[in-house]
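Novice: One structure, as structure tokens, below. Some questions next.
The values are calculated or read from the model by the stated rules, or taken from the named source; none is laboratory data. Not measured: the values here are computed from a predicted model. When we count neighbours, we look across all protein chains shown, and the Cβ atoms used for this are built from the backbone with ideal geometry, even at glycine.
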Amino acid sequence: MAISEKLIVALDVANLNYAYRLVGQIKDFVGMFKIGNQFFTSFGPAAIRMLLETSTLHSSGMDGSNVMVAIVDTGINLNHLRSKGQNPNFDAEKSWTPVQGLIPGSMPVDHGTMCAFDVCISAPNCTLLDYALLLSQESGGSVMDGFLSDAVKAYSKLLELLSTDEQTKPSLVVNNSWGMFHPSWDFPPGHPGNYSDNPEHPFNIIVESLEDAGADILFAAGNCGQECPDGRCRGVTNKAIYGANSHSAVLCVGAVTVNKVRLGYSSQGPGHLDPDKPDLCAYSHFVGSGVYSADSGTSAACPVAAGVVAAIRSAHSTADLTPAQLRNLLRRESEDIGLAGFDYSHGYGLISVPDIVDALNRTKIRQLPVGQPVSGKLKESGATDMFRITLGNTLNIELDGPQGVDFDIYVRKGAQPTTTEYDYRGYTSSADEKIMIQPVEPGEYYVMVRSYRGTGDFSLKAVLE
């Protein structure tokens, strides 16, 4: 069945778990799931979080706490967010407006409020900052010219927030669900004021400066996709990701349905500054914020992804994972839903929360280098310590522990072992064990040291056979 023939199904059911099972059973035949009024009133945000599988973030303590998220858009209406069950923190002092007299957090219910809602799906405890850039009244020699002068001012304010000591620097995620729709909005390439193709434009420079300072910056890919472009694109759908939306220092986000099918309006690469855009896709076209009949466009997909990034930042600071490293991780762990590898319609694929969390957990596990001992301490019976090692050849893993206790080794390829799931294990009644690993194929192996009885320090070593 072609996507154009697929159904729209309203989930007007009274049970959240039943709705989730229903989605799994019929999603191959449905173009869009609509959360009906009754269901949304009771379960809407939770249903969306379940479809996005953000529970894997929240169960790991990643919910946006102590992370600032700047919504660079039309402004935020906090009362509307609260009426829809979202209760994020808000910092008016760190917010910004381009026009005097506007009150951050009390803007008309519009596009920016939708973006704020969609961020909160994955990062409910984040601290929102209201950057109402799209209310700019600046004019210039092109459609973008005056607006971008205000954009530089907004980003200068954001840069000030990160101009602190590294140990006290806050985490900042910046959501930008806006961009150019047509080349006529800009000066032509080669003109000193050109923005879309010019990495030396002041706004493109400050975007890179803000990322260098530690901000995670996301831009929507745009809605000039070949199949169903926005009218403002005026038929230009080739290479329609312009300026900062295509910057190498940002994460450019396309849009897919809950069926993991690219939405026809989602702009395709190559980008004007960095050709390898978009970076990835996120979900869009679902009933959520109540601002519109559906949260749609790459405008919704971008904050969905920004919420995931904000959730991650509540547990992983830029000292541990730079913005560039996090972008690479998100790309690498995306679910490939288009052509194999990167393609100009989907980037590297659909943002995959479970795979991201799994990858983050792997980075916490200590490496066991070949030929070099590592040490650890088990403080009680049943305690464990985990290591990882990449194997290609036969080797021995040797454990040396204190007398009078019983420590055991468990080894498993590709996943952390347990006492019931493992590929190799030691069988002694002491803390000294030696097991031989003969890998059938190269790969990553996990080694668990577990106290069956007793406590104490141990040494673990991998030695080539």
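Rundown of residues vs (1) under 16 Å from the mean Cα position of the chain (by Cα); (2) at pLDDT 95 or above; (3) buried (at least 20 other Cβ atoms within 10 Å of the Cβ), yes/no style:
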site: Glu53; (1), (2), (3): yes, no, no
site: Gly85; (1), (2), (3): no, no, no
site: Pro88; (1), (2), (3): no, yes, yes
site: Met107; (1), (2), (3): no, yes, yes
site: Thr113; (1), (2), (3): no, yes, yes
site: Asn125; (1), (2), (3): yes, yes, no
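Novice: Taking the stated definitions as given, is Thr298 at pLDDT 95 or above and either within 16 Å of the chain's Cα centre (by Cα) or outside the structural domain of Gln86 (by TED's automatic domain parsing) (or both)?
Specialist: Details: at pLDDT 95 or above: yes; either within 16 Å of the chain's Cα centre (by Cα) or outside the structural domain of Gln86 (by TED's automatic domain parsing) (or both): yes.
Spelling it out, Thr298 is indeed at pLDDT 95 or above and either within 16 Å of the chain's Cα centre (by Cα) or outside the structural domain of Gln86 (by TED's automatic domain parsing) (or both).
Novice: Report whether or not Val173 is at pLDDT below 95 and either outside the structural domain of Gly140 (by TED's automatic domain parsing) or under 19 Å from the mean Cα position of the chain (by Cα) (or both). If you could, list the steps in order and put the result at the bottom.
Specialist: Working: at pLDDT below 95: no; either outside the structural domain of Gly140 (by TED's automatic domain parsing) or under 19 Å from the mean Cα position of the chain (by Cα) (or both): yes.
It is false that Val173 is at pLDDT below 95 and either outside the structural domain of Gly140 (by TED's automatic domain parsing) or under 19 Å from the mean Cα position of the chain (by Cα) (or both).
Novice: Which of (1) aliphatic (A, V, I, L, M); (2) under 30 Å from Val440 (Cα atoms); (3) part of a helix (DSSP H, G or I) is the odd one out, the single condition Ala310 does not satisfy?
Specialist: All conditions pass for Ala310, except number (2).
Novice: Would you pick out the residues in region 218-239 that are out of contact with any strand residue (DSSP E or B) (no Cβ under 9 Å at 6 or more places or on another chain) and hydrophobic (A, V, I, L, M, F, W, C)?
Specialist: Cys228, Cys233, Val236
Novice: Another question, then. Applying the selection to region 416-465, what residues are loosely packed, with under 14 Cβ neighbours inside 10 Å, small (Gly, Ala, Ser) and assigned to a loop (DSSP other than H, G, I, E, B)?
Specialist: If the condition is that a residue be loosely packed, with under 14 Cβ neighbours inside 10 Å, small (Gly, Ala, Ser) and assigned to a loop (DSSP other than H, G, I, E, B), then Ser429 is the only one that fits.
Residues checked against (1) in contact with a helix residue (DSSP H, G or I) (Cβ under 6 Å, 6 or more places away or on another chain); (2) modelled with pLDDT under 90; (3) assigned to a loop (DSSP other than H, G, I, E, B); (4) surrounded by fewer than 19 Cβ atoms within 10 Å (Cβ to Cβ):
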{"position": "Gly341", "(1), (2), (3), (4)": "no, no, yes, yes"}
{"position": "Arg362", "(1), (2), (3), (4)": "no, yes, no, yes"}
{"position": "Gln372", "(1), (2), (3), (4)": "no, no, yes, yes"}
{"position": "Lys377", "(1), (2), (3), (4)": "no, no, no, yes"}
{"position": "Ser381", "(1), (2), (3), (4)": "no, no, yes, yes"}
{"position": "Phe387", "(1), (2), (3), (4)": "no, no, no, no"}
{"position": "Asn393", "(1), (2), (3), (4)": "no, yes, yes, yes"}
{"position": "Leu399", "(1), (2), (3), (4)": "no, no, no, no"}
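Novice: Let me ask something else. Could you tell me which numbered condition Ile351 fails, if it satisfies all but one of (1) crowded, with 18+ Cβ neighbours inside 10 Å; (2) closer than 22 Å to Ser451 by Cβ; (3) among the β-branched types (Val, Ile, Thr)?
Specialist: (2)
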